[in-house]
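Worksheet: the structure to be examined is printed underneath.
The values are calculated or read from the model by the stated rules, or taken from the named source; none is laboratory data. Only a predicted model underlies this, so the values are computations on that prediction, with no experimental measurement involved. Here the Cβ positions follow ideal geometry from the backbone for every residue, glycine too, while neighbour counts run over all protein chains shown. We work out accessible area using only protein heavy atoms, side chains counted, and drop any ligands, DNA or RNA first. Shrake-Rupley method; radii C 1.70, N 1.55, O 1.52, S 1.80 Å.
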Amino acid sequence: MQIIPVMENVSLHTHFILNGFYELGELRPLLFIPFSLMFTVSLFANSLLLYVIISQRSLHSPMYILIAGMACVDLSVPVFFCPHMLLSFLFDWKGISLIGCLVQMHFIHFFGAFQSTLLVWMALDRYFAICTPLYYHKHMTSSRFVKFLLPLVVRNVLLITLFVSLAGTLSFCYRNVINHCFCEHMALVELACGSTTINNLVGLVAMFLIPVLDFVFIASSYVVIFSSVLRSGRSRVKALHTCITHIMVITVSLILALVAFLSYRIRNGLPAASRVFFSTMYLLFPSCFNPVIYGIRTTEIRQHILKTLSCHSLQNGPSS
């Protein structure tokens with residue numbers, strides 16, 4: 001007897017709808033105002049910070065170069081999702097292809113990973129400056145510091161590329177509406193038909209090996225730094241001032257990241273709109289927060305920013 005296989009008429013989706021904050025209904029377009037303001041602040045503040053550090057030769061020391069690297073990352077992250085999100089709020093443009101979704105996902109998570117990685121490098125810079133000041137310039141030469149740079153860069157590239165590639169192999173045959181404002185990894189994966197165990201596992205591994213591991217390393221290094229400062233009593237106020245700035249940034253970033261990541265993986269009563277909000281803030285808030293913190297709390301940068309702004313206002317002021 002011949003067995004005829006039953007073929008299911010399954011349509012695989014290659015086009016998706018980003019429908020974040022749909023619960024707000026007619027009030028959704030109003031989100032354009034706060035998010036466009038945050039996007040503008042991020043672009044202006046990070047561009048100004050980057051310009052000041054590049055243009056001022058006195059700021060070309062390792063610590064300020066790392067802050068400039070943070071500004072580059074904070075400038076890049078919103079560019080990959082904010083324009084599409086703002087157009088979605090204003091004109092209801094929600095569509096995105098699977099390829100476009102995966103590309104957006106890769107760049108968002110790739111640059112987002114470097115927000116915590118740069119804080120690791122800053123913690124190393126502070127450790128060398130405070131705990132081994134006589135050998136600071138020796139440790140911070142590019143040939144020596146590169147051994148601390150490369151492993152973390154390779155880690156970020158491999159993990160981000162791995163879970164984005166795995167997401168690209170999934171079949172999407174049930175729904176094509178992503179309850180998010182951009183292509184977040186788990187927001188896309190949860191739409192797949194079939195097993196997503198590997199995707200969940202790799203996503204969790206990436207979360208613990210990037211932001212969580214970075215936070216553990218930073219916390220450990222600052223414990224050593226504080227112990228050294230308290231024992232020696234030298235430059236206590238200035239050292240703690242610099243370190244507290246970094247701790248503020250990494251703490252806020254980690255809290256937002258963990259809430260965003262774990263809300264998709266742990267059964268909870270968090271409303272969908274709240275989950276989307278935390279995921280969006282995880283990327284956008286540090287981009288606005290970091291340049292303001294570093295610009296205000298770092299005396300040298302603050303002085304050069306005020307000087308740059310005053311010179312610009314004088315040049316564009318009314319002629320006498």
Exercise for the section: Please determine, by comparing only the residues of the range 178-206 that are part of a helix (DSSP H, G or I) and polar (S, T, N, Q), which one is surrounded by the most Cβ atoms within 10 Å (Cβ to Cβ). Expected result: ASN199
Completion exercise
Pairing a residue in the range 95-112 that is more than 13 Å from VAL189 (Cβ to Cβ) with any residue that is of a type outside the set (A, V, I, L, M, F, W, C) and open to solvent by less than 40 Å² (accessible area, probe 1.4 Å), where Cβ atoms lie under 8 Å and the two sit 6 or more apart in sequence or on different chains, gives ILE96/GLN104; PHE107/SER76; ILE108/GLU184; PHE110/ASN156; PHE111/SER76; GLY112/TYR282
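The rows are residues; the columns are (1) modelled with pLDDT under 90; (2) within 21 Å of VAL79 (Cα to Cα); (3) assigned to a helix (DSSP H, G or I).
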| residue | (1), (2), (3) |
| --- | --- |
| SER116 | yes, yes, yes |
| PHE128 | yes, no, yes |
| TYR135 | yes, no, yes |
| ASN156 | no, yes, yes |
| SER165 | no, no, yes |
Problem - Which numbered condition TRP93 misses (of (1) in a helix (DSSP H, G or I); (2) surrounded by fewer than 19 Cβ atoms within 10 Å (Cβ to Cβ); (3) of a type outside the set (Gly, Ala, Ser); (4) at pLDDT below 90) - result: (1)
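Please work out which residue is most open to solvent (accessible area, probe 1.4 Å), limiting yourself to the range 22-53 and to residues that are of a type in the set (Phe, Trp, Tyr) and over 29 Å from VAL120 (Cα atoms).
Within the range 22-53, the subset of a type in the set (Phe, Trp, Tyr) is 22, 32, 35, 39, 44, 51.
Those left that are additionally over 29 Å from VAL120 (Cα atoms): 22, 32.
On the way: TYR22: 117, PHE32: 61 Å².
The selected residue is TYR22.
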Completion exercise
Residues of the range 62-80 being closer than 30 Å to GLY100 by Cβ, open to solvent by less than 40 Å² (accessible area, probe 1.4 Å) and not small (Gly, Ala, Ser), in sequence order, are MET70, VAL73, ASP74, VAL77, PRO78
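Any chance the range 11-21 includes a residue that's surrounded by 14 or more Cβ atoms within 10 Å (Cβ to Cβ), modelled with pLDDT under 90, under 30 Å from MET140 (Cα atoms) and hydrophobic (A, V, I, L, M, F, W, C)? Please lay out each step first, then the result.
Initial filter on the range 11-21 (surrounded by 14 or more Cβ atoms within 10 Å (Cβ to Cβ)): 13, 16-21.
Now narrow it down to the ones that are modelled with pLDDT under 90: 13, 19-21.
So of that shortlist, the ones also under 30 Å from MET140 (Cα atoms) come out as none.
No, the conditions are met nowhere in the range 11-21.
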Exercise for the section: For the range 54-61, state whether one or more residues are crowded, with 21+ Cβ neighbours inside 10 Å and either among the hydroxyl-bearing types (Ser, Thr, Tyr) or at pLDDT 90 or above (or both). Expected result: no
Exercise for the section: Spot the failing condition for PRO5; the list is (1) farther than 17 Å from PHE81 by Cα; (2) modelled with pLDDT of 85 or more, and only one is missed. Expected result: (2)
Practice task
State whether one or more residues within the range 150-171 are open to solvent by 30 Å² or more (accessible area, probe 1.4 Å) and in contact with a strand residue (DSSP E or B) (Cβ under 6 Å, 6 or more places away or on another chain).
Solution key: yes
Exercise for the section: Determine whether the range 300-319 contains at least one residue that is within 23 Å of CYS82 (Cβ to Cβ) and at pLDDT 75 or above. Expected result: no
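Okay, residues lined up against (1) in contact with a strand residue (DSSP E or B) (Cβ under 6 Å, 6 or more places away or on another chain); (2) of a type in the set (Ser, Thr, Tyr); (3) over 21 Å from ALA260 (Cα atoms); (4) open to solvent by less than 30 Å² (accessible area, probe 1.4 Å):
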| position | (1), (2), (3), (4) |
| --- | --- |
| CYS82 | no, no, no, yes |
| MET85 | no, no, no, yes |
| VAL103 | no, no, no, no |
| GLY112 | no, no, no, yes |
| SER116 | no, yes, no, yes |
| LEU119 | no, no, no, yes |
| ILE130 | no, no, yes, yes |
| TYR136 | no, yes, yes, yes |
Exercise for the section: Select from the range 37-85 the residues that are under 25 Å from TYR22 (Cα atoms) and part of a loop (DSSP other than H, G, I, E, B) and list them in ascending order. Expected result: PHE80, PHE81
